[in-house]
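A short write-up of the structure that comes next.
The values are calculated or read from the model by the stated rules, or taken from the named source; none is laboratory data. Owing to the predicted nature of the structure, the values given are computational and were not obtained by experimental measurement. When we count neighbours, we look across all protein chains shown, and the Cβ atoms used for this are built from the backbone with ideal geometry, even at glycine. Surface areas here come from the heavy atoms of the whole protein model, side chains and all, with no ligands, DNA or RNA. Shrake-Rupley method; radii C 1.70, N 1.55, O 1.52, S 1.80 Å.
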Amino acid sequence: MAEPKTKYDRQLRIWGEQGQAALEKASICLLNCGPTGSETLKNLVLGGVGSITVVDGSKVEVGDLGNNFMVDESSVGQSKAKCVCAFLQELNDAVKAKFIEEHPEALIETNPLFFSQFTLVIATQLVEDSMIKLDRLCQEANVMLVFARSYGLTGLVRISLKEHTIIESKPDHFLDDLRLNNPWPELKRFAETIDLDVSDPVAHKHIPYIIILVKMAQEWANRHGGILPSTREEKKEFKEVLKSRMTAVDEDNYKEAIEASFKVFAPRGISSDLRQIIDDSFAEVDANSSNFWIMVAALKEFIKSEGGGEAPLEGSIPDMTSSTEHYVNLQNIYLAKAEADFLAIEQRVRNILKKIGRDSNSISRATIKSFCKNARKLRVCRYRLLEDEFNSPLLSELQKYITDEDYSVAVGFYILLRAVDRFAANYNSFPGQFDGAMDEEISRLKTTAVGLLGDLGCNGSTLTEDLINEMCRFGAAELHAVAAFIGGIASQEVIKLITRQFVPMSGTFIFNGIDHKSQLLLL
């Protein structure tokens, strides 16, 4: 068997050893192992999750051979859960796999405590009634839940849990934490030792842009009553002043300073997103608070005191044109400040833990250090109970989606995916599932959808005839291409949740295979 570091080399570069360790500890339960469920779990098995449990009470039928690559002709008539489980085990023998031959709907009704043993449950192809019941069970047991469903050329993915906190949100674009407009004393003192008007041309072109901007920002503030550039004209003038200090056309350090000048114009202090987190009621901690909120409470105290309105410094600087001596000195100044901020927050964390009656060393230094490094990028995601969304969606948003040309198809599929479940409850089959009077089924589905819209407060709203016709034409089929896509999205979200890295989606993800569009509905 390959060594884990070699086996998972590419993904380790994305979520690191800590993320991989979280995956390897995770216990995943899959409900229904048709193409959507099998494709979702396949991605997670290849990623190295700790253990999987496949729950499905059906037998493999000939029709399954056309859309599920994890069964073959020899599987026909056998337990679908057993066959899929065996295939997935072959993909990665490090993953513990077991199966349960039982229909998920029956398990939800008869053994509600079953789900509490898992890290996360993936529920595929469930109808609305079972989704609502399972959602309530998982929220009560504090188990993460991901719904996935493919239906003809459409599908959905929805996450459900009370709260998900993220330290390593890893945004694609985020401003470097350089404090060019709010330098601390050590950085100021170092900048004062460097003369921007040095006569040596080699020395002049090797002054780091951080120093250039710190000094020039200070000069500007001194001339403008302590105020930095804010208007478009002032920012343009500031760049012209920078340009005027160049003594040669090949001074890359000054070009870098001009390009990075927008970092001087950024507002001081913390972002509105971080302000919202530290002002959250959960930041008032007690013995039952999670480690995340205890560290947030310490962060709040730090920002008010040692931080002077700022979050702890990250401590890294980007590459830039500079002499080695200047760059190393700058690096050390940033690292020293970051370490001092970390020590201040660590002490506050220890004090808070002691105050609420918990072991003062119960949060590791490594966790606190990671928290400090990522303090500006913290995220908190909260999700509505599925029953609340289904019974009382945000009416203004729903009406906006229905009337918005860009969202009308996505919200149409959202409504119709619920309408087909009502249809099935009334007529014991999905529209178009069996050969018969298609016109009658189209009419019944339209009536069901209009009734659902009325129940949601959208009286008078209708869906297009084409969309209703298509939904009947789908006949509840799971197409492999759509199932593979939905499975890919669902497994990606599962990895985000388990590793607590990157930001999972909010709302309901709707795939529109007719127009090749994917959209999120926040209801």
query = How long are the three semi-axes of the equivalent ellipsoid of the chain, in whole Å, if each is the root of 5 times an eigenvalue of the C-alpha gyration tensor, listed from largest down?
reply = 52, 27, 23
ask   = Which of the aspartates and glutamates could a cross-linker span from K133 if the Cα-Cα distance has to be under 13 Å and same-chain partners fewer than 8 positions apart are dropped?
value = E105, E109, E387, D388
key: Per residue convex hull volume, Cα atoms of region 390-474, in Å³   = 82 Å³
inquiry  = Given an 8 Å cut-off on Cα distances and at least 6 residues of separation, report the relative contact order of the chain as a percent.
reply    = 20 percent
key: Euclidean distance of C-alpha centroids, region 4-33 and region 452-473, integer Å   = 41 Å
key: Size of region 178-232 as Cα extents on the principal axes (Å, biggest first)   = 34, 25, 17
message = Ignoring ligands, DNA and RNA, please state the percent of accessible area on the chain from carbon and sulfur, probe 1.4 Å.
response = 50 percent
task = Run the numbers on region 103-147 and let me know its relative contact order in percent, using alpha-carbon pairs under 8 Å that are six or more apart.
result = 48 percent
query = Which entries in K215/K263; K170/K235; K300/K377; K170/K496; K337/K373; K80/K162 show an alpha-carbon gap greater than 21 Å?
reply = K170/K235; K80/K162
query = So for the chain: antiparallel DSSP bridges make up what percent, rounded to the nearest 5?
reply = 50 percent
inquiry  = If I take R0 = 56 Å and measure r between the Cβ atoms of R365 and R245 in this structure, what FRET efficiency does the formula 1/(1 + (r/R0)^6) give, to the nearest 0.05?
reply    = 0.80
ask   = For the chain, with every protein chain kept in place, what is the accessible area per residue (1.4 Å probe, Å²)?
value = 47 Å²
inquiry  = Using alpha carbons only, how many angstrom separate the centre of region 107-130 from the centre of region 483-504?
reply    = 19 Å
